[in-house]
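This report refers to the structure that appears directly beneath it.
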Amino acid sequence: MNRTRLDKTSRGLAIQALLFFLLLWPPCSVVAIELEVKIEGLEGAMLENAQATLGLLRHKDSEQLRPVMLRRLYKKGSEEIRKALEPFGYYGAEVTAVGLSEEQRKPAVEGGEPITLWRAEYRVAPGEPVRIRELDLHLSGPGQADEALQKALAEFPLKLGEALTHADYEAGKAKLAEAAAERGYFDYRLERHQIEVRPSEHRAAVHLHIDSGPRYRYGEVRFEQPDQHIFDEAFLRRFLPFDSGAPYQSEDLLKLQVALGNTSYFSRVEITPLKEEAKDDQVPLRVVLIPRPRQRYSFGLGYGTDTGPRLTLDWEHRRINETGHHADAEMQLSPVLSKLKGRYEIPLEQVTTDAIEFSTNLERQDADVRFLNLSLGAAYRWMGEDGWQRRLYTQGLFEDYQLGEDDSTASIWLFGGRLDRTQADDQFDTRHGYRVNLELRGAAAALLSATDLVQLRASAKYIDSLDELNRFLLRADLGMGWTSDFSQVPPSLRFFAGGDQSVRGYGYQELGPQDASGEVIGGSHLLVFSAEYERRLFGDWGAALFADAGNAFDDRRFGLKGSLGFGARWHSPVGPIRLDLAFPQEADAGAWRIHLGIGPDL
């Protein structure tokens, strides 16, 4: 009896071992499976969701896919498609499994594995969607009167009578939560969030009850400078666009981030609301500041048609002391125009826009008009609420010059004011934007000047695009001057026309009143305007057509000189590179001139 029972046990173990061995042993021939799935009656997002949910397609490339598994997944597919349509409001869809068929195909390569193509087909009738018959949206708490939260609630994507879409419901909840977080409602919570669906009646009720909780205010602002203590905290607080105790809004933090990041002081700025340390509805902020290197050196090579090859050397001292004083210097060397400039700047209360500047400039020009001058100046600049940069300045100018038959020196002490404004959608590839500069300056013989002088200068440039391929550029430059003795006005304060920033068919400072010997000596007035059309041809390359007109003149003679031309444009990462061929109005001015320009349009 015991032996019989033992024999049966032994035979059972042997059979199990044999089956396990056969399962592990690879078949003599493996049939490769290809699968095609067709779902009729759906399109767009519903079709995509059904395909993403369908087990057949999710296991399509599985090495374990075999006919038995494939048939099992096919049977489950109808229910999977039905479930995939519910988020779109279709709870009563009829899904018919049309059929599952197989077809033997020859291997692609002779001697390769045989291929079986399986075709699975479903037919879907979505039916009538469930529509929203009750939309119960309720906001309570202090945020009930907040315009931003009211707007987010009013723009909730689900509307009465529309089909119930779960994705829109989730998106609406997320937008409300985002609006609450941006406005400082950190205790925001959903008291009730529920969708009641009655598929048989094709109706749904949406319930969303929100308690905003209190709106937090700004608490302590902690400036942290991990590397070392570089800036005085009182100086850093000048950057804050809000006062302690003001209501929290994330827009303020973005303004602070931009203000600190746009200076030359910091390489990285991290701002974190410390919600876990909030107390008495006040949230502290941590501002981590990583400084840039104290000094910066750079050099560049360039070329301008008016000035020839150009070497530029720059130096900047980013932080001289704890209150943000900084200095910079620039040297430019070229055959025609060379400069050496220095500037010391003291930031004021509005650090990013307001400052007092002290400057010096040594400039030498070696062209038809020759001069060497030294200027010393001081300026106060500030930004108005209207977006205009304002500047009041005084400048002493001492110039030694050779102009036509005149070889002389002059000294002028100027007092002036300037308005500047620039708007651009992109600094380096401007499609829409403008630049306006207005300046009024004067000097008096009674105040350390060789002559009385009043000058008004206005310039503007406007850029607009019809589309991605067509762009228009308009430019104008106006100058007017009055003086008691024009011969005492140094060349650097006179007006000339011609060159790649003026009338391009003529050379640099080639246009203007002339002396008895025919040498251009500059004028007391200036008028230049230009129109240009640019067409993108392929990629970043384009072509342009332009017309310029203008001249410098005095009170006795007025006459415009014109030029026409065309050019090539390459919109590089550092701004457009322009190569122009310009033809002057007058034949004796030469047949044509080439102009090369590099840099942003504004």
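When the stretch 422-468 is limited to residues that are basic (K, R) and modelled with pLDDT of 95 or more, the one that is farthest from S572 (Cα to Cα) turns out to be R441. On the stretch given as the stretch 564-583, residues that are under 16 Å from L473 (Cα atoms) and in contact (Cβ under 8 Å) with a residue 24 or more places away in the chain total 11. Under 24 Å from the mean Cα position of the chain (by Cα), of a type outside the set (S, T, N, Q), within 25 Å of V503 (Cα to Cα) and crowded, with 19+ Cβ neighbours inside 10 Å - does that describe any residue in the stretch 451-466? Scanning the stretch 451-466 turns up at least one residue that is under 24 Å from the mean Cα position of the chain (by Cα), of a type outside the set (S, T, N, Q), within 25 Å of V503 (Cα to Cα) and crowded, with 19+ Cβ neighbours inside 10 Å. Quick one: would you say A582 is out of contact with any Asp or Glu (no Cβ under 6 Å at 6 or more places or on another chain) and modelled with pLDDT under 90? The answer is no for A582.
Which residue pairs have Cβ atoms closer than 9 Å, lie 6 or more positions apart in sequence or on different chains, and pair a first residue in the stretch 35-63 that is surrounded by fewer than 19 Cβ atoms within 10 Å (Cβ to Cβ) with a second residue that is among the polar types (S, T, N, Q)? Short answer, once both residue conditions are applied: V37/Q51; L57/Q51. The residue that is most open to solvent (accessible area, probe 1.4 Å), among those in the stretch 135-160 that are closer than 20 Å to M46 by Cβ and without any contact (Cβ under 8 Å) to a residue 40 or more places away in the chain, is K159.
Conditions tested, residue by residue: (1) out of contact with any strand residue (DSSP E or B) (no Cβ under 9 Å at 6 or more places or on another chain); (2) among the acidic types (D, E); (3) within 16 Å of E121 (Cα to Cα).
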{"site": "L57", "(1), (2), (3)": "no, no, yes"}
{"site": "S62", "(1), (2), (3)": "yes, no, no"}
{"site": "G77", "(1), (2), (3)": "no, no, yes"}
{"site": "I81", "(1), (2), (3)": "no, no, yes"}
{"site": "L85", "(1), (2), (3)": "no, no, no"}
{"site": "Y91", "(1), (2), (3)": "no, no, no"}
{"site": "G99", "(1), (2), (3)": "no, no, yes"}
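Being over 30 Å from D406 (Cβ atoms) and at pLDDT 90 or above is a condition met by no residue of the stretch 478-496.
Yes or no, residue by residue, for (1) open to solvent by less than 30 Å² (accessible area, probe 1.4 Å); (2) in a strand (DSSP E or B); (3) at pLDDT below 90:
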site: R215; (1), (2), (3): no, no, no
site: I230; (1), (2), (3): yes, no, yes
site: P284; (1), (2), (3): yes, yes, no
site: L289; (1), (2), (3): yes, yes, no
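Listed by position, the strands (runs of 3 or more DSSP E) enclosed by the stretch 341-431 that each have at least 3 residues that are among the polar types (S, T, N, Q) are 355-366, 389-403, 406-424.
How many residues, within the stretch 313-357, are farther than 24 Å from A259 by Cβ and either hydroxyl-bearing (S, T, Y) or over 32 Å from the mean Cα position of the chain (by Cα) (or both)? Number of matching residues: 8. Contact annotation: residue pairs with Cβ atoms under 6 Å, 6 or more positions apart or on different chains, pairing a residue in the stretch 527-545 that is without any contact (Cβ under 8 Å) to a residue 24 or more places away in the chain with a partner that is open to solvent by 80 Å² or more (accessible area, probe 1.4 Å) and in a strand (DSSP E or B), are L545/F566. Could you please let me know if R238 is part of a helix (DSSP H, G or I), modelled with pLDDT of 90 or more, surrounded by 15 or more Cβ atoms within 10 Å (Cβ to Cβ) and in contact with an Asp or Glu (Cβ under 7 Å, 6 or more places away or on another chain)? Yes; evaluated as a whole, the condition is true for this residue. Filter the stretch 291-306 down to the residues that are part of a strand (DSSP E or B) and in contact (Cβ under 8 Å) with a residue 40 or more places away in the chain, then identify the one that is least open to solvent (accessible area, probe 1.4 Å). Taking the candidates together, the pick is G304.
Note on the stretch 160-205: among residues that are over 37 Å from the mean Cα position of the chain (by Cα) and assigned to a helix (DSSP H, G or I), the one that is nearest to Y218 (Cα to Cα) is P199.
The values are calculated or read from the model by the stated rules, or taken from the named source; none is laboratory data. Keep in mind the model is a prediction, meaning the values are calculated, not measured. For neighbour counting, all protein chains shown are included, and Cβ atoms are generated from backbone atoms with ideal geometry for every residue, glycine included. Side chains included, ligands, DNA and RNA excluded: accessible areas come from the protein's heavy atoms. Shrake-Rupley method; radii C 1.70, N 1.55, O 1.52, S 1.80 Å.
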